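Since the structure comes first, as structure tokens, the remarks are kept for the end.
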Amino acid sequence: MKDLGYGKKGSGDGKCPRCGKGSDTHEIASCDITDGTVAGVKAILASTKAARGAADHMVGAAIARTDTGLEIKLIAVSGGGDMPGTVSGWQAANVKVPKTSAGWTDIYGETFSLPADLVARQPQVVNRACAAIKLLIKLGELRRAARVKYRYKSITLYEEAVPVVETVTLPSGREKEAKSRINRWRGESGEFIYAAHSCEECESRIPLMLCSNPSID
């Protein structure tokens, strides 16, 4: 499971661009996969139409535990829309993902801006509304709104790639199943064969959203 944790990479040198320290110095260094988050994704696919959208996408689940004994269970689907339907016992992370480098919310409810060099290097970081990003933004919004502030003891996360099966008509007139582009993000773990590796944009953004150290800005 360790090879499928989310937020482990940081920048190219392994450091968080917000604090300049290694991602392993954050209170929550990464979000690992657990049976609980896998169950959340299975519940999404079983009880909503998230698996039958018009395009390839991701569905995700997160479970956060706090030092006050609170357990927060969230689910999300990637893209600009909200979660289609509800899942018993889980709260939908229906949030807006910023379309610019400003106005991002980390898991502690603090607002920050994406580093300019990151945006220049990966322009899609400002408008890729991945499920994992929605889950982490929602955690920040919930903490910011909480009357009694808390720290996180753990955050576990799981995303699954949901390719849409489409057919294309060949020049011969025969129909053939089209290959989904999302397959390249699927995990290869024997235990979690459908686990989605983070896209490059999430690999860059998740450490920023988990950062608990003072910013170097």
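The values are calculated or read from the model by the stated rules, or taken from the named source; none is laboratory data. The structure presented is a predicted model; accordingly, all values stated were derived computationally and were not measured. Note that each Cβ is placed from the backbone with ideal geometry, even for glycine, and that neighbours are counted across all protein chains shown.
Note on segment 80-106: residues that are in a strand (DSSP E or B) and touching a helix residue (DSSP H, G or I) at 6+ places or on another chain (Cβ under 6 Å) amount to 1. Within segment 113-125, can one find any residue that is out of contact with any helix residue (DSSP H, G or I) (no Cβ under 8 Å at 6 or more places or on another chain), of a type in the set (G, A, S), buried (at least 19 other Cβ atoms within 10 Å of the Cβ) and in contact (Cβ under 8 Å) with a residue 12 or more places away in the chain? No, the conditions are met nowhere in segment 113-125. If only residues of segment 131-159 that are in contact (Cβ under 8 Å) with a residue 40 or more places away in the chain and in a loop (DSSP other than H, G, I, E, B) are counted, the one that is farthest from the chain's Cα centre (by Cα) is V148. Quick one: count up the residues across segment 12-46 that are within 24 Å of A76 (Cα to Cα), in contact (Cβ under 8 Å) with a residue 24 or more places away in the chain and of a type in the set (G, A, S). Of the residues in that region, 5 qualify.
Among the residues of segment 55-110, the one identified as among the basic types (K, R) and under 10 Å from K134 (Cα atoms) is K96.
Name the single residue that is farthest from the chain's Cα centre (by Cα) among those in segment 55-96 being hydroxyl-bearing (S, T, Y) and modelled with pLDDT under 90.
Across segment 55-96, the extreme among qualifying residues is S88.
Considering only residues in segment 25-54 that are at pLDDT below 85 and among the charged types (D, E, K, R), the one that is nearest to the chain's Cα centre (by Cα) turns out to be D32. Within segment 153-184, the residues that satisfy the criterion of being under 30 Å from A43 (Cα atoms) and either modelled with pLDDT of 75 or more or hydroxyl-bearing (S, T, Y) (or both) are K153, S154, I155, T156, L157, Y158, E159, E160, T167, S180.
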